[in-house]
Structures are given as C-alpha cells and as structure tokens.
Amino acid sequence: MDDTPQRVLVVIPHPNDAEFWCAGSVAKWISEGAAVRYVICTDGSKGTSDPGVSAAGLAAAREREQAEAARELGVQEVVSLGRPDGGLEDVDDFRRELVRQIRQMRPDAVLCPEPYRKNLAWHRDNRIAGQVALDAVFPCARDHLHFEELWRDEGLEPHKTGTVLFWGTEAPDTFVDIGGSLESKARAVKTGKSRLAGRTDEEVDAFIRRQGEEGAGDSGASYGEAFRRITFRT
C-alpha cells in the first residue's frame with residue numbers, strides 16, 4: 001500500500017490491541033502527515049491470568065498504557081467507549097457510536113479486526129468489533145437516514161469512507177512497509193506491560209521483528225503489516 005490516508009480511524013476492541021497489529025502503519029502515516037483517531041471499544045478489564053489483579057485495577061492500567069502508547073506513536077485523539085471486556089454485541093447502540101465517530105472524523109480509511117477468520121481462533125470482541133465497524137462504514141455512516149438523529153440533532157453529515165483495512169486476516173492482500181517505523185511500534189508495544197507477562201525488552205523486540213518479517217508477505221519489504229482491504233466508491 002503506497003498511498004498514505006490522510007485521516008484514519010482505528011476501531012480497537014481492547015486497549016493496546018492496535019499496537020500489536022497496526023502501530024507500524026499508524027506511526028508511518030502520522031510521520032507523513034496523517035491525522036489518526038483511536039476508538040477503544042472496551043475497558044480491557046478481563047484479559048489477565050493473574051489472580052491478584054482486580055478488574056478495576058486492570059482497566060485502569062490498560063487505560064494508562066493505551067494513552068502512553070498513543071503518545072509514543074503520535075496519535076492525536078483517543079476515544080474510549082468503556083464497554084465491558086468480552087461484552088461487545090452487534091447491536092444498534094454500539095453501531096451508532098461507531099457511526100458517530102466516523103461522521104465526526106470523516107476518515108479516508110478505517111482499520112479494525114478481520115471479522116471473518118475461519119481457521120484461527122479469534123476473541124469474540126474482535127469478531128464483533130470488525131463486523132460492527134464494517135456495517136458502520138457501509139451503509140450506516142453513508143446514508144443520513146441511518147441513525148437519523150445523528151444528522152438531525154447533532155449535525156453530523158453522512159460520510160463515505162473509501163477504504164477498510166482488516167488486521168488479523170487469513171487472506172491478506174495489502175501490505176504496508178514499516179521498516180522506518182518498526183522501532184516506534186516496538187516502543188508502543190512495550191508500554192502495555194500488563195499484557196506482556198514479564199517479557200523482557202529483548203524478547204519483545206525479537207517478537208516484533210519476527211512479526212514484521214511475516215507481515216511483509218511478498219511485498220519485498222523487510223518489515224511490514226498485512227491487511228485485507230475493502231474499497232468503496234466515494
């Protein structure tokens with residue numbers, strides 16, 4: 001993917017998910033002038049194997065770590081929806097909130113998880129966030145009579161997003177060269193200490209390099225991130 005989207009909305013199921021999947025692309029695009037908004041769907045309060053950590057304590061840690069990661073990458077806005085971890089549902093109020101974010105941000109590209117993995121296990125929040133984000137982009141954000149109250153009462157005009165990029169896909173067709181932003185991605189991942197289970201910086205660096213090599217696919221880049229791309233007429 002050679003073109004740089006100028007306005008990017010990233011729909012993220014849990015705090016710090018995006019750092020693993022698309023932080024290199026985000027850092028690259030920001031360095032090239034893009035505006036980026038993160039939308040964190042859940043509070044991240046469940047994802048731990050540590051019996052000594054409370055849900056409230058974990059949620060607070062994840063919020064702090066996500067803010068630090070966003071600062072590291074240069075993300076301009078972070079919006080937290082605060083839904084319970086593991087509790088995302090394909091329902092109108094969640095879809096409405098994503099439509100609101102799209103109409104506010106008016107992105108060229110929306111990034112979110114692949115909702116349709118067949119052969120690999122995938123957290124239910126990831127599946128649902130990807131599906132609801134896709135439906136929010138098309139047709140809901142496009143047509144003013146979907147969630148008419150956003151248009152009528154909040155003045156949010158319809159918006160046509162040109163591109164959706166799914167991360168975590170089994171069928172990638174789009175690759176972003178992150179050779180110049182790999183170190184930024186690694187630093188952002190390291191902010192998420194509550195998710196790293198005591199892994200050393202060296203272990204994280206090695207993981208990010210391996211992931212980047214795999215993510216480059218057949219693009220010819222040394223390090224990359226891989227997506228499945230859907231395009232819409234704008």
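The values are calculated or read from the model by the stated rules, or taken from the named source; none is laboratory data. Owing to the predicted nature of the structure, the values given are computational and were not obtained by experimental measurement. Positions of Cβ are backbone-derived with ideal geometry, glycine not excepted, and every protein chain shown enters the neighbour counts.
What to note about this one:
- The listed residue being hydroxyl-bearing (Ser, Thr, Tyr), surrounded by fewer than 18 Cβ atoms within 10 Å (Cβ to Cβ) and part of a loop (DSSP other than H, G, I, E, B), out of THR4, THR48: THR4
- Unmet requirement for ALA197, which otherwise passes all of (1) at pLDDT below 95; (2) surrounded by 14 or more Cβ atoms within 10 Å (Cβ to Cβ); (3) of a type outside the set (Asp, Glu): (2)
- Residue within the range 162-178 that is farther than 22 Å from GLN101 by Cβ, touching a residue at least 60 places away in the same chain (Cβ under 8 Å) and in contact with a Leu (Cβ under 8 Å, 6 or more places away or on another chain) present: yes
- For the range 141-167, residues that are of a type outside the set (Gly, Ala, Ser) and at positive phi total 1.
- Of the numbered criteria (1) surrounded by 15 or more Cβ atoms within 10 Å (Cβ to Cβ); (2) touching a strand residue (DSSP E or B) at 6+ places or on another chain (Cβ under 8 Å); (3) not hydroxyl-bearing (Ser, Thr, Tyr), the one ALA60 fails is (2).
Conditions tested, residue by residue: (1) at pLDDT below 95; (2) among the hydrophobic types (A, V, I, L, M, F, W, C).
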| residue | (1), (2) |
| --- | --- |
| VAL8 | no, yes |
| PRO13 | no, no |
| ALA27 | no, yes |
| GLY33 | no, no |
| ARG37 | no, no |
| THR42 | no, no |
| PRO51 | yes, no |
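- From the list GLY87, GLY74, GLY47, the one residue that fits, being touching a Leu at 6+ places or on another chain (Cβ under 9 Å) and in contact (Cβ under 8 Å) with a residue 24 or more places away in the chain, is GLY47.
- Within the range 200-209, the set of residues being surrounded by fewer than 11 Cβ atoms within 10 Å (Cβ to Cβ) and either closer than 18 Å to GLY168 by Cα or among the charged types (D, E, K, R) (or both) comprises GLU202 only.
- If you filter the range 70-101 down to residues that are of a type outside the set (A, V, I, L, M, F, W, C) and part of a loop (DSSP other than H, G, I, E, B), you find that the one that is surrounded by the most Cβ atoms within 10 Å (Cβ to Cβ) is ASP85.
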